[in-house]
């Protein structure tokens, strides 16, 4: 067992929160440091502030994974007399790699917005504000009978054939292939220079376009032929929609007053800002981590009774109030829910990789606000 390479951790993050899901222009990914080094200790944080960097140095951290990018805007200068400049200087001096997963982690399945929705008991969720739609492709591959099950299973394990709550979905028909092995061939079936017509199965399955390379590799690894015959087709079938925020229903209707208490308890905050009648019945709820002002009308159009988000503007709250949409603002900082959840997910994956790398959670409170 050894410490994992940073590059390998980045591969995990790409699987967990693909960069393609990020909002255009979001400065995600590697921010500071090297991907070639090994990391014996990784720290998960919401923000990369100077006290968080000091915490990382004190704990011998090699890599920080943050939700909010440290380098959010292009640098015009790096003044090490400022707290920001000192933070960057310390990171470089102590060879700490910084990686940011921002809106891609918001949008991703199992990401920040799913974490928040689960914490609030919002079920049967859909994306509140669509960002992208996953396109589907179809693979057709021809396999001898004795390897058909192995190929089907390999495709399913690679992510093909997943439709709703069903996995390993495929369709097969039987027929005969035809080929003549050349003089340099090493055929699994047949004899060089002679026409062969083996009994084969035609296996069809669909997969998300983003998994194409993985699915092809899995099929080729399981297929017995030197040269597997397969086709890839682009489909017009509507794929899964990914987006910011979540909207869904509660298991049981509650009043806005009761739901507000649920928000406070779920996110560990002492106070929230509330817009609307506290006695209003809440059945359908929307949530969006961070600053969700510009998505208020999405919540209203989709029939939400309440919208939970941070950094609400006065006039946005006015508009929602007049349209009958209740709102709860627990603050931007409640996105910290991602710290423990991501640490557990990464730790589990590292154990599967037989890695000795340790994952810790930052204990620094980076919320600039206090309720008095």
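The values are calculated or read from the model by the stated rules, or taken from the named source; none is laboratory data. No experiment lies behind these values; they were computed from the predicted model shown. Cβ sites come from the backbone with ideal geometry, for glycine too, and all protein chains shown count toward neighbours.
Part of a loop (DSSP other than H, G, I, E, B) and modelled with pLDDT of 95 or more: is that true of residue 154 in this structure?
Values: part of a loop (DSSP other than H, G, I, E, B): no; modelled with pLDDT of 95 or more: yes.
Here the answer is no, as residue 154 does not meet what is asked.
Given (1) over 20 Å from the mean Cα position of the chain (by Cα); (2) surrounded by 13 or more Cβ atoms within 10 Å (Cβ to Cβ), identify the lone condition not met by residue 372.
(2)
For the stretch 177-200, give me each residue that is part of a strand (DSSP E or B) and closer than 30 Å to residue 159 by Cβ. Before you say what the answer is, go through the steps one by one.
The first filter runs over the stretch 177-200 and keeps only residues part of a strand (DSSP E or B), leaving 179, 196, 199-200.
Within the stretch 177-200, 179, 199, 200 qualify.
Can you pull out every residue in the stretch 6-26 that is part of a loop (DSSP other than H, G, I, E, B), in contact (Cβ under 8 Å) with a residue 24 or more places away in the chain and out of contact with any strand residue (DSSP E or B) (no Cβ under 7 Å at 6 or more places or on another chain)?
Once the filter is applied, which keeps residues that are part of a loop (DSSP other than H, G, I, E, B), in contact (Cβ under 8 Å) with a residue 24 or more places away in the chain and out of contact with any strand residue (DSSP E or B) (no Cβ under 7 Å at 6 or more places or on another chain), the stretch 6-26 yields 17, 18, 22, 26.
Just the residues that are loosely packed, with under 13 Cβ neighbours inside 10 Å and outside any strand (DSSP E or B), please, taken from the stretch 236-253. Walk me through how you get there before you give the answer.
Restricting attention to the stretch 236-253, the residues satisfying the condition of being loosely packed, with under 13 Cβ neighbours inside 10 Å are 236-238, 241, 251-252.
Across the stretch 236-253, the qualifying residues are 236, 237, 238.
Please specify each residue of the stretch 95-110 satisfying the condition of being part of a loop (DSSP other than H, G, I, E, B) and surrounded by 15 or more Cβ atoms within 10 Å (Cβ to Cβ). I'd like the intermediate steps shown before the answer.
Here is the first cut: in the stretch 95-110, the ones part of a loop (DSSP other than H, G, I, E, B) are 95-96, 101-102, 108-110.
Matches in the stretch 95-110: 96, 101, 102, 108.
I want to confirm something. Restricting to the stretch 119-151 and keeping residues that are touching a helix residue (DSSP H, G or I) at 6+ places or on another chain (Cβ under 9 Å) and in a helix (DSSP H, G or I), which single residue is surrounded by the fewest Cβ atoms within 10 Å (Cβ to Cβ)?
Top of the filtered list is 150.
Against the condition crowded, with 16+ Cβ neighbours inside 10 Å and either out of contact with any helix residue (DSSP H, G or I) (no Cβ under 9 Å at 6 or more places or on another chain) or over 29 Å from residue 131 (Cα atoms) (or both), how does residue 203 come out, does it pass? Lay out the reasoning, then the answer.
On the way: crowded, with 16+ Cβ neighbours inside 10 Å: yes; either out of contact with any helix residue (DSSP H, G or I) (no Cβ under 9 Å at 6 or more places or on another chain) or over 29 Å from residue 131 (Cα atoms) (or both): yes.
Answer is yes for this residue.
For the stretch 286-339, which residues satisfy the criterion of being part of a strand (DSSP E or B), touching a residue at least 24 places away in the same chain (Cβ under 8 Å) and in contact with a helix residue (DSSP H, G or I) (Cβ under 7 Å, 6 or more places away or on another chain)?
First, pick out the residues of the stretch 286-339 that are part of a strand (DSSP E or B): 286-291, 306-310, 326-329.
If we keep only those that are touching a residue at least 24 places away in the same chain (Cβ under 8 Å) too, we end up with 286-291, 306, 308-310, 326-329.
Listed by number, the residues that qualify are 286, 287, 288, 289, 290, 291, 306, 308, 310, 326, 327, 328.
Does residue 74 satisfy the condition of being in a loop (DSSP other than H, G, I, E, B), in the same structural domain as residue 8 (by TED's automatic domain parsing) and surrounded by fewer than 16 Cβ atoms within 10 Å (Cβ to Cβ)?
It is true that residue 74 is in a loop (DSSP other than H, G, I, E, B), in the same structural domain as residue 8 (by TED's automatic domain parsing) and surrounded by fewer than 16 Cβ atoms within 10 Å (Cβ to Cβ).
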